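K.L.:
Before I ask anything, here is the structure I am working with.
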Amino acid sequence: MIDLAAKVRFLSDAGSYPHAASFVEARETHMSWVFLTEDRVYKLKKPVQYPFLDFGTPARRRFFCEEELRLNKRLAPDTYCSVTPLRCTQDGRLTFGVQGRIVDWLIEMKRLPEVDLLDVRLRKGVVTGNDIHKLGDLLAGFYSACSLEIEDGGLYLKSLVKEQAINRAILGRPALGVSDAALPLFEAADTRFEQVAARIKARIEAGTIVEGHGDLRPEHVYIGTPMQVIDCLEFDRSMRVVDPYDEINYLGLECAMLGARWVRPALLGSLEARLGGRPDDEVLSFYGAFRMLLRARLCMAHLFDPVVRDPDRWRPLALSYIAAAKVELSSPSQPIRKLSHSRAGA
């Protein structure tokens, strides 16, 4: 049997690939191994099983590779190439060739220059108002083309309720060292949720919910040419069924975490110009607080891995997201649409 370690060794060797490669950089994530050559990226899903996903068999991994390809073709058609089989020959050698039994599946992508990812550009201070205007137009066009989730729109509210309960359960664990900061926020978050739940339900009934990206963060946005958005969440459709304003607001908040507060109102403005139906600031502030607490929880979840990568990173990062949630839950002294645009013309 070919185990994960053998596959990682094979894929870490530049000579393994069907195209010319002089080097391979291997990166491990929570759910995958990613292998980068000069111009290609290959993603191998780990054979993991969690309550929220099942990559436990080659058939399951093939299905989710195909889902990842299908979903990402919507916003990154030039980047996602194919689902590629990994085979094992009769003498036990791994190969990308046509001979041998299939032992796993990979997603093949073109490699995008990392210097033009939105998070990298924001950290360098080289994102312009025109960049964000183009991104807003791209995303607004994407959402306007999505089918409205009339029958499944209720998944969105159910997901908010379920994930908020998990946020509380994880962040409230004293042993993780963030409970003193997090737990006082949940009463305020739950109160805000009660205040806006009827408004969110009305948005669902009005047909504003779509199947979106599911993980819209700056590191998933390429602002080169052509502009693309990658790494759509593939393993749980209920997490992609979303209010577009929630998803855009979240991207704006992640940009704010990188020091670019002006991006959020610009993106929300682009979406409003195309879709209309913008929720009020209380709804947006709940969306924001929920997403920041979810991100804090996902940071702390890394500490549950059998081998924890960057163990000193996750608690401070989680605390920064918890602090951002606290700001969102404060009574807005300024409407979100009027936040500073000081960098918009940079």
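The values are calculated or read from the model by the stated rules, or taken from the named source; none is laboratory data. This is a predicted model, so every value here is computed, not measured. Cβ coordinates were reconstructed from backbone atoms using ideal geometry, including for glycine residues, and neighbour counts include every protein chain displayed.
K.L.:
So is ALA140 surrounded by fewer than 15 Cβ atoms within 10 Å (Cβ to Cβ) and of a type in the set (A, V, I, L, M) or not?
P.N.:
So ALA140 does not fit the description; no.
K.L.:
Right, here's the next one. If GLN49 satisfies all but one of (1) under 26 Å from PHE304 (Cα atoms); (2) modelled with pLDDT of 95 or more; (3) not aromatic (Phe, Trp, Tyr), what's the number of the condition it fails?
P.N.:
GLN49 satisfies all of (1) under 26 Å from PHE304 (Cα atoms); (2) modelled with pLDDT of 95 or more; (3) not aromatic (Phe, Trp, Tyr) except (2).
K.L.:
While we're on this one: Please enumerate the residues belonging to the stretch 4-35 that are more than 19 Å from ARG309 (Cα to Cα), out of contact with any Ser or Thr (no Cβ under 8 Å at 6 or more places or on another chain) and of a type in the set (A, V, I, L, M, F, W, C).
P.N.:
Selection gives ALA6, LEU11, ALA20.
K.L.:
So in the stretch 203-236, with the set limited to residues that are among the charged types (D, E, K, R) and within 19 Å of SER32 (Cβ to Cβ), which one is nearest to the chain's Cα centre (by Cα)?
P.N.:
ASP215
K.L.:
For the stretch 92-132, give me each residue that is under 22 Å from ALA260 (Cα atoms) and either free of Cβ contacts under 8 Å to residues at least 24 places away in the same chain or of a type in the set (A, V, I, L, M, F, W, C) (or both).
P.N.:
GLU114, VAL115, LEU117, LEU118, VAL120, LEU122, LYS124, VAL126, VAL127, ASN130, ILE132, listed by residue number.
K.L.:
Condition check: modelled with pLDDT under 95 and either within 29 Å of GLU67 (Cβ to Cβ) or assigned by TED's automatic domain parsing to the domain that holds PRO184 (or both). Does ASP231 satisfy that?
P.N.:
no
K.L.:
Does PHE304 satisfy being of a type in the set (Phe, Trp, Tyr) and free of Cβ contacts under 8 Å to residues at least 60 places away in the same chain?
P.N.:
It is true that PHE304 is of a type in the set (Phe, Trp, Tyr) and free of Cβ contacts under 8 Å to residues at least 60 places away in the same chain.
K.L.:
A follow-up question, please. Counting only residues that are of a type in the set (Phe, Trp, Tyr) and either closer than 15 Å to PRO184 by Cα or at pLDDT below 95 (or both), how many does the stretch 284-330 have?
P.N.:
Here the count works out to 3.
K.L.:
Filter the stretch 115-132 for residues that are basic (Lys, Arg) and surrounded by 13 or more Cβ atoms within 10 Å (Cβ to Cβ); which is nearest to VAL229 (Cα to Cα)?
P.N.:
ARG121
K.L.:
Sort out which residues of the stretch 56-91 are free of Cβ contacts under 8 Å to residues at least 12 places away in the same chain and over 20 Å from the mean Cα position of the chain (by Cα), and write them in order of number.
P.N.:
Of everything in the stretch 56-91, those that are free of Cβ contacts under 8 Å to residues at least 12 places away in the same chain and over 20 Å from the mean Cα position of the chain (by Cα) turn out to be GLY56, THR57, ALA59, ARG60, THR89, GLN90, ASP91.
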